1. Quick one: is residue B:239 over 30 Å from residue A:107 (Cα atoms) and either at the interface with chain A (Cβ under 8 Å from one of its Cβ atoms) or assigned to a helix (DSSP H, G or I) (or both)?
2. Working only within the range A:80-102, note down all residues that are at the interface with chain B (Cβ under 9 Å from one of its Cβ atoms) and within 22 Å of residue A:40 (Cβ to Cβ).
3. Out of all the residues in the range A:112-126, is one or more closer than 20 Å to residue B:561 by Cβ, at pLDDT 65 or above and either touching a helix residue (DSSP H, G or I) at 6+ places or on another chain (Cβ under 8 Å) or more than 8 Å from chain B (Cβ to nearest Cβ) (or both)?
4. Please tell me if residue B:207 is closer than 17 Å to residue B:140 by Cα and at pLDDT below 95.
5. Would you confirm, using the coordinates I've provided, whether residue B:527 is more than 30 Å from residue B:222 (Cβ to Cβ), surrounded by 12 or more Cβ atoms within 10 Å (Cβ to Cβ) and touching a residue at least 12 places away in the same chain (Cβ under 8 Å)?
6. Looking at (1) more than 30 Å from residue A:23 (Cβ to Cβ); (2) surrounded by fewer than 22 Cβ atoms within 10 Å (Cβ to Cβ); (3) in contact (Cβ under 8 Å) with a residue 12 or more places away in the chain, can you tell me which one residue B:157 breaks?
7. Would you point out the residue of the range A:28-41, among those that are at the interface with chain B (Cβ under 7 Å from one of its Cβ atoms) and in contact (Cβ under 8 Å) with a residue 40 or more places away in the chain, that is surrounded by the fewest Cβ atoms within 10 Å (Cβ to Cβ)?
8. Go through the range B:440-462 and count every residue that is over 30 Å from residue A:107 (Cβ atoms) and either buried (at least 22 other Cβ atoms within 10 Å of the Cβ) or more than 14 Å from chain A (Cβ to nearest Cβ) (or both).
């Protein structure tokens, strides 16, 4: 039961961090916390009391071992996590270079108000062009 | 079936991966257009091979076990591909869409050493793998490969908007990946296998089990995030609006619907034995789907940025597909599968028209573009036809899908979902037709609520002749209209039952014939209202404006572009799914 609870707590706290974050690097860290929840869950599910790691080099076959499938899943998950973190940090650096800020509030994708006025102006200009001749 | 096609099964995944690896190694040596040619040929190869596999799978699903690790005594250790007819045809459609997109993007990304093509081929391999796999964890791996390629492609332009859109997309879809992995872990812990069939057998034996239901909630939430179902839809509008137009073609045409394809497969195959899941699903899926169809359509009508409008239209159609799955019958799922293909064809063509406008008229803003399309009439005709098809003009593949979905919903008595789907389609059609009228006919001087929608100036390179960009767009539309209806009618009942692992049904129910016409009429009326607003009596315009302006502003404020808000909505969505399954 404990691994479930820890995993749920980690995911929840990570999600809370993402929801309230005002800094993209902090946000990437929170995403890492969310991902740790999956590590804990998977390793907890595969764990058997009193058994060895699933490496039979110096143990006779048949020795009770923890579930190797779960460990393989966690390894893949770690690879995914590394890729995502790297990609997100690259995006963050590029966004900082262009926007000059790490605050999600200041780096919104596309907002009304800031640029729509210009669009209207240009459309009006074209109206005049068309009606003039 | 003989062993001959079975060894071909990994090839549609392997070919793009090999081409992409070879291209990555030699990209700096390849002259000029070679990456374009290689990528187009690879995608065509995938399409042809998948169609060949699909044709062979008509008699029964083809199975391939990697490394020969076949299941023994009910123990599944190996990882397999299992291709039924429907999955094969969906993969063939995806390959074709990529091939046409590569033609559309010919020379678009000039000095990039083929990086665009490499990422796209990786994306293609992941999608085909996602269609073919029969292993839960493998499904997750393809899901993640697909996501990572998509994240990088979204941010391709490295502009401020593109970057923040890509960050939102990445964070939300990574959370989807984690949810899915958690769900997979739970289901593995309960059933001891990752193979679809193995899990299905164990789930059917187990009876009512909270762990199985929990696992389904997590996996379904992840796939719905990919499929942009309300309240998980926020990332889509940000990502599709800022991605380069060829990438948006792929996103809307196949990636989003593939999430729902995955959901249909998982709920019909893997969790078929869980009564709790099967009882909870119809209400959950039709409710979320109806809501999504309406909200997406409404938001589409309020946009002035063409790609953002098409993105919301994709959300609306994803909702309609979800209601098709929610019917939980061979009719509904079959209709949904046809809908995936038809919608991909039409929406791909529409994004290509948006790309043509970006390239030749250097703008994507409906109001700024008013009347500027007069010189490129053929693109306008393509856009108008696509708009009519989108809202349900009763010809072509999309219409066949619509009729399948509507037939299943009518048969099961989901009247609200039926109406919501028709209204959603009409709203998106109205949005597209209004934009076409404004851009290509110069109508609609009075911009209403859409003037307040977010927009941004954007440019794409104008280095391609118009016919080269228009040809793939028209090819998509011709395919949608020209694909012989009787072929689909003939294959659909068999393919849908094989997809759902159910005994074959004879015929597929069809919805009321007048409903698509109602959608078309409503769309035309909506578009006409938007374009001819200034000629209507003032009291009509005022009363419509008074009733819709406030909710409109509230909806736009909801799509804040803030990643924190999206994460909060994600939590709400997961809670809704859990609550509805817990009550079932």
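1. No: the conditions fail for residue B:239.
2. The answer is A:80, A:81, A:83, A:84, A:88.
3. Scanning the range A:112-126, I find no residue that is closer than 20 Å to residue B:561 by Cβ, at pLDDT 65 or above and either touching a helix residue (DSSP H, G or I) at 6+ places or on another chain (Cβ under 8 Å) or more than 8 Å from chain B (Cβ to nearest Cβ) (or both), so the answer is no.
4. Against the criterion (closer than 17 Å to residue B:140 by Cα and at pLDDT below 95), residue B:207 does not qualify.
5. So residue B:527 passes the test.
6. Unmet condition: (1).
7. Step by step, filter the range A:28-41, then rank; the result is A:35.
8. 2
The values are calculated or read from the model by the stated rules, or taken from the named source; none is laboratory data. Not measured: the values here are computed from a predicted model. So basically every Cβ, Gly included, is an ideal-geometry build from the backbone, and we count neighbours across all protein chains shown.
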